[in-house]
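Undergrad: Take this structure, written in structure tokens, and hold onto it; I'll ask about it next.
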Amino acid sequence: MTFWMARQYRSVRYILILVSIVVLVPVNRLSADSCMKCHQEIEGAPDSPTKLIVSDIHYRNAISCADCHGGDPTVGYEEGDPSLAMDPEKGYIGVPSYNEIPKFCSRCHSDVEYMRERRPKLRIDQHQLYLTSVHGKRLKEGDKRVAQCVSCHGAHGILSSNDVRSSTYVENIPGTCANCHANEDYMARYGIPTDQYDEYSRSVHGRLLFEKHEKSAPTCNSCHGNHGAAPLGLASIAAACGQCHGINQALFDKSPHFEPWKELGIPECIRCHNHHLVLTPTDNQVGVGENSFCIECHSRGDNGYEAAAEMSSAIDSLKMLIDEADSIIRRIEMSGVDIETARYNLTEATDRLIEARNKIHSFNSRTVRDITKNGISKARHVIQSAEEAGEDMETKQKGLLFTSILIIILAGLLFLKIRQIEGRVNK
Amino acid sequence: MEGKVKTRRSLLNWLLTGSLGTLILATIYPIIRFIYPPDKPEAVRNTIVAAKVGELEKNSGKIFKFGTKPGILVYTSGGDYRAFSAVCTHLQCTVQYEPTRGDIWCACHNGRFDLTGRNISGPPPSPLEAYDVAIRGEEIIVSRRTG
């Protein structure tokens with residue numbers, strides 16, 4: 001073995017020893033404590049604490065049973081007397097009561113110094129927020145059916161929210177809430193609906209999360225909060241939606257609907273878009289057609305009705321023109337013509353259509369019309385250039401067809417002429 | 001002897017006729033495909049000259065045509081070129097570079113992306129498609145990432 005190899009070998013050995021110390025020592029410490037030894041002997045079920053705890057984030061970070069439940073884990077097992085470990089004088093608490101659990105967890109999770117040393121990124125206001133939540137308030141009133149820490153996180157198999165198996169992993173959050181909120185029997189006494197999960201799953205947000213696995217898609221806690229979970233009040237609906245859809249919120253706030261809706265207590269965004277079942281909006285939801293939301297309040301002759309009709313007509317005109325341009329471009333693309341520029345220019349018209357749809361939230365028909373006018377002019381220009389390219393190609397195709405036929409006829413005549421000359425020579 | 005000559009001549013005739021037929025087919029086939037083209041669109045463009053070196057000032061961006069879709073080339077304050085699809089992942093509006101904040105902004109619904117293309121706020125659910133940028137001589141070449 002060369003000197004260099006020996007040195008490498010020593011380095012690897014030191015690294016392995018270091019890793020063993022970091023990984024194995026805490027685990028050994030825990031598996032050697034009397035709580036684990038006794039409970040492993042008396043517990044057999046796969047969901048028993050000693051089975052679950054091995055994957056628990058606390059256990060993995062060397063937080064022992066006694067760190068939560070108190071007592072002295074160094075005694076009891078060898079002596080054959082568990083009461084030595086579970087001695088109240090040594091701080092043994094045992095199993096906390098249902099309504100004591102938030103306080104129980106917050107001993108560490110609300111301790112700034114403790115958390116800073118271990119998980120400085122984690123928030124420490126969960127308990128404070130929980131007390132403001134509907135769950136927290138009801139728990140305080142003695143309702144032992146409402147959610148507290150372990151209802152969502154589990155008790156002995158708590159995983160990091162970054163772990164895909166965790167009940168608080170972003171894709172699992174709706175299911176975690178649905179454990180209670182989609183249970184009709186469980187929720188019966190609270191008189192609240194249980195179709196939120198079903199509606200959310202079918203919504204644009206739910207489909208983004210479940211079908212496209214977009215981690216930034218909003219889930220229950222994006223609007224309701226998590227530890228401070230509460231229904232959205234009238235005033236906070238727009239703020240919740242505005243977290244992502246800020247421009248729409250800003251437009252609505254300046255619109256003629258803002259004040260009257262506020263006075264009438266009409267919930268802003270969800271009046272038209274629903275709350276859990278937020279679907280992709282369609283153009284016929286605006287205007288005066290039978291599927292329009294506008295005619296639910298506005299009737300023929302009032303300003304709102306006229307504005308709705310004008311906005312709808314402006315958007316329809318632009319949309320039809322874009323569809324026409326798209327179909328022309330598609331036809332010409334298929335004929336092998338390079339029509340990239342027309343297709344590219346059409347994106348400007350499409351941008352105007354999206355902008356106009358967005359500006360509906362201002363309920364200002366003139367703004368919407370001006371934007372669509374701009375889009376219509378761009379779409380017309382695209383149609384014109386696409387048609388010119390198509391006509392040019394058609395002329396070339398026809399020209400080639402004509403020339404080809406002419407060449408074939410000439411070749412045939414030439415053939416006949418040669419045969420005639422050959423016949424004369426033979427005679 | 002005469003039979004041998006006849007066999008050789010018929011072989012030559014056969015070869016000549018075959019060659020002529022092949023020539024006619026090779027001429028006519030592209031003509032027919034031009035007049036009656038195949039029912040499929042043009043291939044997607046994978047590389048383009050997005051700008052010339054020196055065309056962009058630092059902390060600015062440029063929208064360029066990349067096939068049928070817009071792309072965005074950003075010359076960062078740090079002197080790097082970055083290129084992305086300029087099609088917002090929310091509702092497909094065209095995004096733009098915002099020098100005051102040094103990020104990419106979609107005016108339609110106030111979506112924002114950082115200079116790695118990652119969606120950082122607003123409704124866009126996913127990042128912008130990132131392209132590779134290379135400088136060849138005086139040209140800034142943008143290419144789609146393969147694989």
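The values are calculated or read from the model by the stated rules, or taken from the named source; none is laboratory data. Predicted model, so just to flag it, every value in this text is computed and none were measured. Positions of Cβ are generated from backbone atoms using ideal geometry, with glycine treated the same way; all protein chains shown enter the neighbour counts. To get the accessible areas, we keep the full protein, side chains included, count just its heavy atoms, and leave off ligands, DNA and RNA. Shrake-Rupley method; radii C 1.70, N 1.55, O 1.52, S 1.80 Å.
Undergrad: In segment A:47-131, which helices (runs of 4 or more DSSP H) lie fully inside it and hold 1 or more residues that are within 27 Å of A:Ala229 (Cβ to Cβ), open to solvent by 80 Å² or more (accessible area, probe 1.4 Å) and at pLDDT 90 or above?
TA: Values: elements: A:49-52, A:57-60, A:65-69, A:82-85, A:101-109, A:112-118.
Qualifying helices (runs of 4 or more DSSP H): A:101-109, A:112-118.
Undergrad: Being in contact with a helix residue (DSSP H, G or I) (Cβ under 9 Å, 6 or more places away or on another chain) and either within 22 Å of A:Gln243 (Cα to Cα) or without any contact (Cβ under 8 Å) to a residue 12 or more places away in the chain (or both) is true for just one of B:Gly117, B:Gly122. Which residue is that? Steps first, please.
TA: Working: B:Gly117 fails: in contact with a helix residue (DSSP H, G or I) (Cβ under 9 Å, 6 or more places away or on another chain).
Going through B:Gly117, B:Gly122 in turn, just one is in contact with a helix residue (DSSP H, G or I) (Cβ under 9 Å, 6 or more places away or on another chain) and either within 22 Å of A:Gln243 (Cα to Cα) or without any contact (Cβ under 8 Å) to a residue 12 or more places away in the chain (or both): B:Gly122.
Undergrad: Yes or no: A:Ser327 more than 34 Å from the chain's Cα centre (by Cα) and either β-branched (Val, Ile, Thr) or within 14 Å of chain B (Cβ to nearest Cβ) (or both)?
TA: So A:Ser327 fails the test.
Undergrad: Residue under question is A:Ala217, and the condition is that it be within 14 Å of another protein chain (Cβ to nearest Cβ), under 20 Å from the mean Cα position of the chain (by Cα) and either among the aliphatic types (A, V, I, L, M) or surrounded by fewer than 18 Cβ atoms within 10 Å (Cβ to Cβ) (or both); does it hold?
TA: On the way: within 14 Å of another protein chain (Cβ to nearest Cβ): yes; under 20 Å from the mean Cα position of the chain (by Cα): yes; either among the aliphatic types (A, V, I, L, M) or surrounded by fewer than 18 Cβ atoms within 10 Å (Cβ to Cβ) (or both): yes.
The answer is yes for A:Ala217.
Undergrad: Would you pick out the residues in segment B:115-147 that are open to solvent by 40 Å² or more (accessible area, probe 1.4 Å) and within 13 Å of chain A (Cβ to nearest Cβ)?
TA: Within segment B:115-147, B:Arg118, B:Ile120, B:Ser121, B:Pro127 qualify.
Undergrad: Of all residues in segment A:260-270 being without any contact (Cβ under 8 Å) to a residue 24 or more places away in the chain and more than 16 Å from A:Ser362 (Cα to Cα), which is least open to solvent (accessible area, probe 1.4 Å)?
TA: Among residues in segment A:260-270 that are without any contact (Cβ under 8 Å) to a residue 24 or more places away in the chain and more than 16 Å from A:Ser362 (Cα to Cα), the one least open to solvent (accessible area, probe 1.4 Å) is A:Ile266.
Undergrad: Given the condition more than 21 Å from A:Ile376 (Cβ to Cβ), surrounded by fewer than 19 Cβ atoms within 10 Å (Cβ to Cβ) and away from chain B (no Cβ under 14 Å), answer yes or no: does some residue in segment A:304-314 qualify? Break it down stepwise before answering.
TA: Taking segment A:304-314 first, the residues more than 21 Å from A:Ile376 (Cβ to Cβ) are A:304-305.
Remaining after also requiring surrounded by fewer than 19 Cβ atoms within 10 Å (Cβ to Cβ): A:304-305.
Those still in the list that are away from chain B (no Cβ under 14 Å) too: A:304-305.
Yes: segment A:304-314 contains one or more residues that are more than 21 Å from A:Ile376 (Cβ to Cβ), surrounded by fewer than 19 Cβ atoms within 10 Å (Cβ to Cβ) and away from chain B (no Cβ under 14 Å).
Undergrad: Go through (1) open to solvent by less than 30 Å² (accessible area, probe 1.4 Å); (2) at pLDDT 95 or above one by one and return the number of the condition A:Gly157 breaks.
TA: (2)
Undergrad: Now a separate question. Among the residues of segment A:133-147, is there at least one that is exposed (fewer than 14 other Cβ atoms within 10 Å of the Cβ) and more than 23 Å from A:Ala230 (Cβ to Cβ)?
TA: So far as segment A:133-147 goes, no, none of its residues is exposed (fewer than 14 other Cβ atoms within 10 Å of the Cβ) and more than 23 Å from A:Ala230 (Cβ to Cβ).
Undergrad: So, one more: Being over 30 Å from A:Leu279 (Cβ atoms), free of Cβ contacts under 8 Å to residues at least 12 places away in the same chain, facing chain A (nearest Cβ under 9 Å) and outside any loop (DSSP other than H, G, I, E, B): is that true of B:Arg8 here?
TA: No; evaluated as a whole, the condition is false for this residue.
Undergrad: Separate question: Output the residues belonging to segment A:333-381 that are part of a loop (DSSP other than H, G, I, E, B) and either within 7 Å of chain B (Cβ to nearest Cβ) or open to solvent by 60 Å² or more (accessible area, probe 1.4 Å) (or both). So that I can check it myself, show each step before the final result.
TA: As a first pass, look at segment A:333-381 and keep what is part of a loop (DSSP other than H, G, I, E, B): A:335-339, A:363-364.
Of everything in segment A:333-381, those that are part of a loop (DSSP other than H, G, I, E, B) and either within 7 Å of chain B (Cβ to nearest Cβ) or open to solvent by 60 Å² or more (accessible area, probe 1.4 Å) (or both) turn out to be A:Ser335, A:Gly336, A:Asp338, A:Asn364.
Undergrad: Given segment B:31-114, what strands (runs of 3 or more DSSP E) lie entirely inside it while holding 1 or more residues that are facing another protein chain (nearest Cβ under 9 Å) and of a type in the set (A, V, I, L, M, F, W, C)? Break it down stepwise before answering.
TA: Details: elements: B:47-52, B:60-66, B:69-75, B:81-85, B:96-98, B:103-106, B:111-113.
The qualifying strands (runs of 3 or more DSSP E) are B:60-66.
Undergrad: Something else about it: It is to be established whether one or more residues within segment A:199-214 are of a type in the set (Gly, Ala, Ser), closer than 30 Å to A:Arg366 by Cβ and away from chain B (no Cβ under 14 Å). Full working, then the answer.
TA: First, pick out the residues of segment A:199-214 that are of a type in the set (Gly, Ala, Ser): A:201, A:203, A:206.
If we keep only those that are closer than 30 Å to A:Arg366 by Cβ too, we end up with none.
No: zero hits.
Undergrad: Separate question: Identify the single condition in (1) modelled with pLDDT of 90 or more; (2) among the charged types (D, E, K, R); (3) exposed (fewer than 13 other Cβ atoms within 10 Å of the Cβ); (4) within 30 Å of A:Arg352 (Cα to Cα) that B:Lys62 does not satisfy, given that it satisfies every other one.
TA: (3) is the only condition that B:Lys62 fails.
Undergrad: In addition: Report yes if B:Thr100 is in the same structural domain as B:Ser77 (by TED's automatic domain parsing), among the polar types (S, T, N, Q) and over 22 Å from the mean Cα position of the chain (by Cα), otherwise no.
TA: Details: in the same structural domain as B:Ser77 (by TED's automatic domain parsing): yes; among the polar types (S, T, N, Q): yes; over 22 Å from the mean Cα position of the chain (by Cα): yes.
The answer is yes for B:Thr100.
Undergrad: For segment A:230-259, enumerate the residues that are assigned to a loop (DSSP other than H, G, I, E, B) and open to solvent by less than 40 Å² (accessible area, probe 1.4 Å). Steps first, please.
TA: Step one: list which residues in segment A:230-259 are assigned to a loop (DSSP other than H, G, I, E, B), which gives A:230-233, A:243-245, A:254-257.
Of everything in segment A:230-259, those that are assigned to a loop (DSSP other than H, G, I, E, B) and open to solvent by less than 40 Å² (accessible area, probe 1.4 Å) turn out to be A:Ala230, A:Gly233, A:Ser255, A:His257.
Undergrad: Read through the list (1) open to solvent by less than 50 Å² (accessible area, probe 1.4 Å); (2) in contact (Cβ under 8 Å) with a residue 60 or more places away in the chain, then give the number of the only condition that B:Gly21 fails.
TA: Every condition holds for B:Gly21 apart from (2).
Undergrad: So which residues in segment A:198-212 are closer than 18 Å to A:Ile270 by Cβ and in a loop (DSSP other than H, G, I, E, B)?
TA: Scanning segment A:198-212 gives a single hit, A:Ser203.
Undergrad: Restricting attention to segment A:271-291, and to residues there that are out of contact with any helix residue (DSSP H, G or I) (no Cβ under 6 Å at 6 or more places or on another chain) and open to solvent by less than 70 Å² (accessible area, probe 1.4 Å), which single residue is farthest from A:Gln196 (Cα to Cα)?
TA: For segment A:271-291, the residue satisfying everything is A:Gly289.
Undergrad: Run A:His39 past the list (1) assigned to a helix (DSSP H, G or I); (2) modelled with pLDDT of 90 or more; (3) under 37 Å from the mean Cα position of the chain (by Cα) and report the number of the one that doesn't hold.
TA: (3)
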